[in-house]
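The values are calculated or read from the model by the stated rules, or taken from the named source; none is laboratory data. Fair warning: this is a prediction, and the values are worked out from it, not measured in the lab. Note that we place each Cβ from the backbone using ideal geometry, even for glycine, and neighbour counts take in every protein chain shown.
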Amino acid sequence: MPETKFEPWNDPNEKPLIEFRGVTKRFGTFTAIDNQSFDIYTKEFFALLGPSGCGKTTMMRMLAGFEAPTEGKILLGGKDIAPIPPNKREVNMMFQSYALFPHLSVWDNIAFGLKRDGKDKKAIAARVAEMLKLTRLEKFANRKPHQISGGQRQRVALARSLAKAPKLLLLDEPLGALDAKLRQDTQFELMDIQETTGTTFVIVTHDQEEAMTVASRVAVMDDGRVVQVDTPDRIYEDPNSTYVADFIGDVTILSGSVTPKDKGYELRFAEGQPTLYADSDLSLTDGQTGYLAIRPEKVAVSPEKPEDRRNALKGKILDIAYLGNLSTYHVELPTGQVVKAQTANTRRLANRPFSWEDEVWLSWSDSAAVLLER
Amino acid sequence: MRRAILILVPYLWLLALFLVPFAIVLKISLSDYNLSIPPYTPQMDFSNGWWQGVKDLFAAFDFENFIFLTEDDLYWKAYLSSLQIATISTLLTLMVGYPIAYGMARAPEQWRPTLMMLVILPFWTSFLIRVYAWKGILSTEGYLNQVLLGIGVIGEPLTILNTNVAVYIGIVYTYLPFMILPIYAALDKMDGSLLEAAEDLGCSRLSAFWLVTVPLSRNGIIAGSFLVFIPAVGEFVIPALLGGSETLMIGKVLYEEFFNNRDWPVASAVAVILLLILVIPIVLFQRNQQKQRESDG
Ligand SMILES: Nc1ncnc2c1ncn2[C@@H]1O[C@H](COP(=O)(O)OP(=O)(O)O)[C@@H](O)[C@H]1O
Ligand SMILES: [Mg+2]
């Protein structure tokens, strides 16, 4: 089976399902969303990622219709959704608190939306049965929400929001209340369901791993602004700012003035230290401040200075965090800055070459680090 | 041992404050009318020994007074009329109380203690005086008529005082807090996102209210209704002060038997039947409370 890559955002002929056009949302004088424009495509699993209070829920509530943008427009399938009340939108939301109706059984909770559409009894029963099967809740159909576990409740909430087969499904921190193991299982379950149903999902999360796991694209938010929208791997490998680089995964950032050289720039980050080099497409002026973001797993640790790499720094091991399959070394440079390096633990404990206070060399290739403008 | 005492205390309480008085009333209801002090016979007479005294007492008991209640249609009419007035007033109290409770639960957080205070405030003055005040409001020359005449809504004063309407107004006014508080408690607990979820799934505001808000405040509605209905059935002061000759309520009948006719045995029989009638709603009320505790727990 030939697999075509799913990336409608790169296809100029593709029409986005959702378009944010200069959307601003203010509560009184407080600006929760600040003039944002971005698109979400059909069948995407789109993640909004950001720290608490950055405006993720507000974004969702505008899509669901519980808040109206103060300025700008949101288009769904090309049409402005502002005049459409929440009960008429082809959008369903899975609430952060699940918001299951406590007086109704699991079955009735799932059937609630279908009944409002005035579907006939048979069609409703068939659809509810389908949803129960999809979320593996058949055995609990007659229970009330308070008689099932947290994980099951979360699946009821999902089934209820999926039942009406909305064009767009909004998930506001759907897995927040689950423990780590269940969370992971459910993430994969969500991806399965998204693939089976072909619904467009927008998921809110403040957990970067979750966003990276489930999403086709991730929008990283900061203080009412979307800083970068990109695929998980590009967000990780090619962040557009130190904020994104720092928010996603572990990173060391060194700043200094840059000088163009070869296919990139040379960065002078501290007096008496060798300059560092990184390939880059940015167009920076000579002497401008640049930021070098280096992922720990791209940094090699060696007892001797490697001859084949121009990025090599000497330091002292400050700390070793043992993570089982990996170890993270915190290496202090003579300037006091700390660079993180990560290596795979392929050997048993006794054979590890480095320990605390050891003098080591850190090195990385020309293309390993990302040069950032801000 | 401590457990036993802890369990015993409420039972002793119940025994002293409910069962003993009830036994006394029941005993009087089985006795006969007599012109004496106290005005009934037989009295306890233990001069021939304790056991003989009890035997004599039981031998003299009969159901004459209860049979009498079935013979005069005043009594069952009074019971029925009381139940009817209590039912109508309960519905009216619900209709007035629900919107108030709803408004309180939707009010900004910082206002709620004040609103709650306003609901409870009337309890700080005497119930009797407050009902009396309604006479001044509802009478033909009262404030209500003066205002209505003044703004020209009516040409002639309305006769409200000394009718059942005045009794309804009195009961609704007096028992309103008992309706508001349990409903408010239920609405206050309700998660606001449930209404958003209902709207999200296709409900209008109104249908979300009927499908979500009302069912979720059901226990509050039931509790409030019983808290109004049960005392309203036996209400005496309100029909006595605000009602007229047409107002027939069992509380008034009871009062007249005791104090005007001084027929304690018949009055006691009236009271015993009233209690038996009220056992049904009281049991239902308890069941509702129990269910609520279970669903909360
Ligand atoms: N109804 C509201 N009134 C005033 N401020 C609000 C309201 N809703 C959200 N905010 C503010 O908007 C900001 C973004 O909130 P929210 O979208 O809930 O953040 P997130 O979901 O990312 O944690 C927060 O600072 C919050 O205090
Ligand atoms: Mg939120």
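Name the pairs: first residue in region B:125-143 and within 19 Å of B:Ile154 (Cα to Cα), second residue hydroxyl-bearing (Ser, Thr, Tyr) and surrounded by 12 or more Cβ atoms within 10 Å (Cβ to Cβ), Cβ to Cβ under 8 Å, at least 6 apart or on different chains?
So the pair list comes out as B:Gly136/B:Tyr143; B:Ile137/B:Tyr143; B:Thr140/B:Thr159.
Among the residues of region A:62-77, is there at least one that is part of a loop (DSSP other than H, G, I, E, B) and touching a residue at least 60 places away in the same chain (Cβ under 8 Å)?
yes
Restricting to region A:152-191, and then to whatever is among the small types (Gly, Ala, Ser) and either under 21 Å from A:Ala47 (Cα atoms) or not assigned by TED's automatic domain parsing to the domain that holds A:Leu104 (or both), can you tell me which residue is nearest to the chain's Cα centre (by Cα)?
If we take residues in region A:152-191 being among the small types (Gly, Ala, Ser) and either under 21 Å from A:Ala47 (Cα atoms) or not assigned by TED's automatic domain parsing to the domain that holds A:Leu104 (or both), then A:Gly176 is nearest to the chain's Cα centre (by Cα).
Among the candidates A:Val220, A:Val214, which residue alone is within 15 Å of ligand 1 (Cβ to nearest atom) and touching a residue at least 12 places away in the same chain (Cβ under 8 Å)?
The unique qualifying residue is A:Val220.
Return yes or no: is B:Gly244 within 30 Å of B:Gly136 (Cα to Cα) and crowded, with 16+ Cβ neighbours inside 10 Å?
No.
I'd like to know if region B:176-183 contains one or more residues that are free of Cβ contacts under 8 Å to residues at least 24 places away in the same chain and over 22 Å from B:Gly234 (Cβ atoms).
Among the residues of region B:176-183, not one is free of Cβ contacts under 8 Å to residues at least 24 places away in the same chain and over 22 Å from B:Gly234 (Cβ atoms), which makes the answer no.
Residue by residue through region A:99-112, note down the ones that are assigned to a helix (DSSP H, G or I), more than 8 Å from chain B (Cβ to nearest Cβ) and surrounded by 17 or more Cβ atoms within 10 Å (Cβ to Cβ).
Answer for region A:99-112, where residues must be assigned to a helix (DSSP H, G or I), more than 8 Å from chain B (Cβ to nearest Cβ) and surrounded by 17 or more Cβ atoms within 10 Å (Cβ to Cβ): A:Val106, A:Trp107, A:Asn109, A:Ile110, A:Ala111.
Just need a number here: residues in region B:19-41 that are surrounded by fewer than 11 Cβ atoms within 10 Å (Cβ to Cβ) and over 15 Å from B:Ser268 (Cβ atoms).
3
From the list B:Val283, B:Val272, B:Val237, B:Val233, which residue is buried (at least 20 other Cβ atoms within 10 Å of the Cβ), of a type in the set (A, V, I, L, M) and more than 12 Å from chain A (Cβ to nearest Cβ)?
B:Val233
Enumerate the helices (runs of 4 or more DSSP H) found wholly within region B:107-210, keeping only those where 2 or more residues are more than 14 Å from chain A (Cβ to nearest Cβ) and more than 30 Å from A:Ser161 (Cβ to Cβ).
Ranges flagged: B:112-120, B:127-138, B:143-150, B:164-189.
Please return the ranges of strands (runs of 3 or more DSSP E) entirely within region A:192-246 where 2 or more residues are in the same structural domain as A:Val23 (by TED's automatic domain parsing) and under 23 Å from A:Ser97 (Cα atoms).
Because the criterion is at least 2 residues that are in the same structural domain as A:Val23 (by TED's automatic domain parsing) and under 23 Å from A:Ser97 (Cα atoms), the strands (runs of 3 or more DSSP E) in region A:192-246 that meet it are A:200-205, A:217-222.
Residues to consider are A:Lys144, A:Lys115, A:Lys121; find the one that is more than 8 Å from chain B (Cβ to nearest Cβ) and touching a His at 6+ places or on another chain (Cβ under 9 Å).
Among A:Lys144, A:Lys115, A:Lys121, only A:Lys144 is more than 8 Å from chain B (Cβ to nearest Cβ) and touching a His at 6+ places or on another chain (Cβ under 9 Å).
What about A:Phe30, is it of a type in the set (Phe, Trp, Tyr), buried (at least 18 other Cβ atoms within 10 Å of the Cβ) and within 16 Å of ligand 1 (Cβ to nearest atom)?
no
Name the single residue that is surrounded by the fewest Cβ atoms within 10 Å (Cβ to Cβ) among those in region B:184-212 being farther than 14 Å from B:Ser295 by Cβ and touching a residue at least 40 places away in the same chain (Cβ under 8 Å).
Only one residue fits best here, namely B:Asp188.
Could you pull out the residue among A:Lys139, A:Lys133 that is under 31 Å from the mean Cα position of the chain (by Cα), away from chain B (no Cβ under 14 Å) and without any contact (Cβ under 8 Å) to a residue 40 or more places away in the chain?
Step by step, each of A:Lys139, A:Lys133 is checked, and only A:Lys133 is under 31 Å from the mean Cα position of the chain (by Cα), away from chain B (no Cβ under 14 Å) and without any contact (Cβ under 8 Å) to a residue 40 or more places away in the chain.
What single numbered condition from (1) away from every other protein chain (no Cβ under 14 Å); (2) within 14 Å of ligand 2 (Cβ to nearest atom) fails to hold for A:Leu17?
(2)
For region A:23-50, which positions are under 12 Å from A:Gly224 (Cα atoms) and among the β-branched types (Val, Ile, Thr)?
A:Val23, A:Thr24, A:Thr31, A:Ile33
Hey, among the residues in region A:73-98 that are under 24 Å from the mean Cα position of the chain (by Cα) and facing chain B (nearest Cβ under 7 Å), which one's modelled with the lowest pLDDT?
A:Ser97
State yes or no: is A:Asn87 more than 16 Å from ligand 1 (Cβ to nearest atom) and part of a helix (DSSP H, G or I)?
yes
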